[in-house]
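Chemist: Structure provided below as structure tokens; questions to follow.
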Amino acid sequence: MGQIASADARRSPSDRGMPIASARGGLVKKKAAGADWPSLPASVVKSAGRALQILEYFDDTRGEANLADVSRALGYPESSASILLRSLVTMGYLGYDRYTRTYRPTSRVRLLGDWIEPKLFENDAIIRLMERIHEQALATVVLASRNGLNAQYIYVVQSRTDPIPHLTRGVMRTITSSGPGYALLSGIDDIELGKIVRRVNVDARPDELRKLTDVLGDVAAVRRNGHYHGPSRLSAGMSVLAMPVPAGLSGTPLALAIASPSEQMDGRVGELVELMHRCMADALQG
């Protein structure tokens, strides 16, 4: 592990505009120009959804931004983005520098939800856990929760070397078609699982359709082995390793996953499983 991590440290930080891990384990601000920002579902009130996406944008870029930056990255008309940014400033969630004409989140954003899952999020425990896995696995690390019939990424530590598409918080994948989804489904009984598969297949695209027997097999593997490992159904040439987050760390079901090119992951699954278990055990003790 140490030799691999040292090799990564020597690599050039030409990270295609993605956030990168610093030598101290934090994230250095880099604009994710190619970020895959999810479109808002039709059932979401547009102004509310866009306001939250703006906050997620700042979390992804980790720095200040001007009106044009936000409008261009999220695909909003500048007039709409301007109104939303000014509203967030008025409410105290963003600060505005009138000299540089840039916006930046305030500590009020930081304090939102600090009472939720204290064991997992207190003192940035989950961030340190994911960055530790990222630094040793040299791969993208994702924390996912269930959102209806989807697995939703709620935190991402993006690899700066793997050719994996840049992922942002809020991205959702059909729960029956993703590694984190199988980990999330492992705590559900087979009767309920059958209902979920049928509901997904009603509106699924052709590439998302799954047979119940196949999903049951994938979920059974998670229950038996404690993790899921297999090719990504969403990115060709990529593999996913996912496992449930222990109940002692989270009061709600969460899944932790590593995504990396198959040629880099498939020969070291045992090593990566051990790494993930060790990091989560250390987080439980901390």
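The values are calculated or read from the model by the stated rules, or taken from the named source; none is laboratory data. Please read these numbers as outputs of a predicted model, since none were measured by experiment. Here the Cβ is made from the backbone with ideal geometry for all residues, glycine too, and neighbour counts use every protein chain on show.
Chemist: Could you list, in sequence order, the residues of the range 57-68 that are crowded, with 19+ Cβ neighbours inside 10 Å and modelled with pLDDT of 90 or more? Show your work before the answer.
Modeler: The first filter runs over the range 57-68 and keeps only residues crowded, with 19+ Cβ neighbours inside 10 Å, leaving 57-58, 60-61, 65.
Correct list: 57, 58, 65.
Chemist: Has the range 231-241 got any residue that is assigned to a helix (DSSP H, G or I) and buried (at least 20 other Cβ atoms within 10 Å of the Cβ)? It would help to see each step written out before you state the result.
Modeler: First pass over the range 231-241, keeping only residues assigned to a helix (DSSP H, G or I): none.
No: the range 231-241 contains no residue that is assigned to a helix (DSSP H, G or I) and buried (at least 20 other Cβ atoms within 10 Å of the Cβ).
Chemist: Okay, moving on. Are there any pairs with C-beta distances below 7 angstrom linking a residue in the range 89-101 that is closer than 12 Å to residue 55 by Cβ to a residue that is assigned to a strand (DSSP E or B), with the two at least 6 apart or on different chains, and if so which?
Modeler: Matching pairs, first to second residue: 93/105; 94/103; 94/104; 94/105.
Chemist: Here is a further query. Might you let me know whether the range 55-73 holds any residue that is of a type in the set (A, V, I, L, M, F, W, C), within 24 Å of residue 173 (Cα to Cα) and without any contact (Cβ under 8 Å) to a residue 40 or more places away in the chain? I'd like the intermediate steps shown before the answer.
Modeler: Start the filter on the range 55-73 by keeping residues that are of a type in the set (A, V, I, L, M, F, W, C), which leaves 55, 58, 65, 67-68, 70, 73.
Now restrict to residues that are within 24 Å of residue 173 (Cα to Cα): 55, 58, 73.
Imposing the further condition that a residue be without any contact (Cβ under 8 Å) to a residue 40 or more places away in the chain reduces the set to none.
The answer is no; no qualifying residue exists.
Chemist: Among the residues in the range 186-198, are any under 21 Å from the mean Cα position of the chain (by Cα), touching a residue at least 60 places away in the same chain (Cβ under 8 Å) and in the same structural domain as residue 130 (by TED's automatic domain parsing)?
Modeler: Of the residues in the range 186-198, the ones under 21 Å from the mean Cα position of the chain (by Cα) are 186-187.
Adding the requirement that they be touching a residue at least 60 places away in the same chain (Cβ under 8 Å) leaves 187.
When the remaining residues are screened for being in the same structural domain as residue 130 (by TED's automatic domain parsing), the result is 187.
There is at least one residue in the range 186-198 that is under 21 Å from the mean Cα position of the chain (by Cα), touching a residue at least 60 places away in the same chain (Cβ under 8 Å) and in the same structural domain as residue 130 (by TED's automatic domain parsing).
Chemist: Sort out which residues of the range 85-114 are surrounded by fewer than 15 Cβ atoms within 10 Å (Cβ to Cβ), among the polar types (S, T, N, Q) and not in a loop (DSSP other than H, G, I, E, B), and write them in order of number.
Modeler: Hits for the range 85-114 are 87, 90, 107.
Okay, residues lined up against (1) outside the structural domain of residue 133 (by TED's automatic domain parsing); (2) in contact (Cβ under 8 Å) with a residue 24 or more places away in the chain; (3) assigned to a helix (DSSP H, G or I):
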| position | (1), (2), (3) |
| --- | --- |
| 217 | no, no, yes |
| 223 | no, yes, yes |
| 248 | no, yes, no |
| 260 | no, yes, no |
